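Note sheet for the following structure.
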Amino acid sequence: MKLFIKFDINTICSLFLKEKLEQLNVDFDTLGFGEIQLKTNVSNEELDTIKKELVPFGFEVVENQKSVLVQKIKDAIIEMVFMDENENNLKSSVYLSEKLNHSYGYLSNVFSEVTYSSIENFIIIQKIERAKQLILIGEMSLTEIAFLLNYSSVAHLSTQFKNTTGITPSAFQRIIKKRRENLK
Amino acid sequence: MQKDALHILLADDDEDDRLFFKDAFDDIKVQTKVDFVHDGLQLMEHLNQPDVVLPDVLFLDLNMPKKTGKECLIEIKKTPHLRDLIIAIYSTSSSDEDIEDTFVQGANIYIKKPSDFNTLKKLINEVITLNWHYHTSGLNRDNFLLSLK
């Protein structure tokens, strides 16, 4: 006699994970599939045991939570820099910590740890990236670009451009133009 | 933190310079794997192998025997499967004309060869960190120009 069994993987996994963690005496809440919150602090050794015990059953603790957070930070920065208008008058530190629900200090540490550079530095890179695009589109003067990107003056933008790329905005414009002509 | 090493290819005919660079790469925080070629011909042969794993950044000395860095640069930019390589030119020249010229030919980075180790380390660190962002943050590589003197 044959029986056909239909099964729901989500239910199985959740139940199984629950059972395993209970066996390991872990007190936890399930925050939707794939994410659990430990209610008590566990030592690194205990965490290692938990990870090891779960592996044979096909569960793996995602190690790169920090990388995930860094990606979120980057996305938020890009969104902030590429937002049109000056809607966003918040300081970037306030903006980021409100958006990502972590203190700026924490975000800043994780970011530096993973990327070896600072959030401030990344914001500058993105602003200069946006300035490059706007320069190449050619519809705005440098003064207008400086204003759009919240620089206090054209000089400030030019200096930061030069510091970040090693070349001036006008040299940049000239080089890309020549390059495009070369390609024709 | 980052497990994947950044793959660097260095084309330089001078052995001392190669060692100098190697030590500098070993000293920075970002993990790198550095390979070498000794002249322009060897570089192009290497890049044109059918099963080549392209480097994340190519460091190219402008003055090399057999085929100069500039010739390699032009050739690379004309070759479809190599066109998108990130290329860092380094040279003893720091004239604005030379720099602009290599950028127009398609180089992304221009480094004035420093005479002391710490400056080299600092420059390389800057290049590699910025390069990481280009890898991981969807920045437009066509607009990637960096000149370090």
| task | Go through the stretch A:34-70 and give me each residue that's in contact with a Ser or Thr (Cβ under 8 Å, 6 or more places away or on another chain) and within 14 Å of chain B (Cβ to nearest Cβ). | result | A:Val70
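Here's the yes/no breakdown for (1) without any contact (Cβ under 8 Å) to a residue 40 or more places away in the chain; (2) basic (Lys, Arg):
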{"position": "B:Glu15", "(1), (2)": "yes, no"}
{"position": "B:Ala24", "(1), (2)": "no, no"}
{"position": "B:Ile28", "(1), (2)": "no, no"}
{"position": "B:Gln31", "(1), (2)": "yes, no"}
{"position": "B:Glu45", "(1), (2)": "yes, no"}
{"position": "B:Leu60", "(1), (2)": "no, no"}
{"position": "B:Lys67", "(1), (2)": "yes, yes"}
{"position": "B:Leu73", "(1), (2)": "yes, no"}
| task | Within the stretch B:107-146, count every residue that is under 12 Å from the mean Cα position of the chain (by Cα) and facing chain A (nearest Cβ under 8 Å). | result | 2
| request: Among what's in the stretch A:136-168 and is crowded, with 21+ Cβ neighbours inside 10 Å and either part of a helix (DSSP H, G or I) or among the polar types (S, T, N, Q) (or both), pick the residue that is nearest to the other protein chains (Cβ to nearest Cβ). | output: A:Thr165
| query | Here are A:Ile175, A:Ile128, A:Ile77: which of them is within 14 Å of another protein chain (Cβ to nearest Cβ) and within 15 Å of the chain's Cα centre (by Cα)? | reply | A:Ile77
| query | Given the residues B:Ala107, B:Ala88, which is the only one that is within 20 Å of A:Gln173 (Cα to Cα), in contact with a Phe, Trp or Tyr (Cβ under 6 Å, 6 or more places away or on another chain) and not in a helix (DSSP H, G or I)? | reply | B:Ala88
| request: Report, by residue number, each residue of the stretch B:1-39 that is touching a strand residue (DSSP E or B) at 6+ places or on another chain (Cβ under 7 Å) and closer than 15 Å to B:Leu73 by Cβ. | output: B:Leu9, B:Leu10, B:Ala11, B:Asp12, B:Val37
| query | For B:Asn131, all conditions in the list (1) under 24 Å from A:Leu136 (Cβ atoms); (2) in contact with a helix residue (DSSP H, G or I) (Cβ under 7 Å, 6 or more places away or on another chain); (3) outside any strand (DSSP E or B) hold save one; what is the number of the exception? | reply | (2)
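Read-outs: derived from the displayed coordinates by stated rules, not from any lab. Just so it is clear, the model here is predicted, and its values are computed rather than measured. Because the Cβ atoms are built from the backbone with ideal geometry, glycine has one as well, and the counts that use them run over all protein chains shown.
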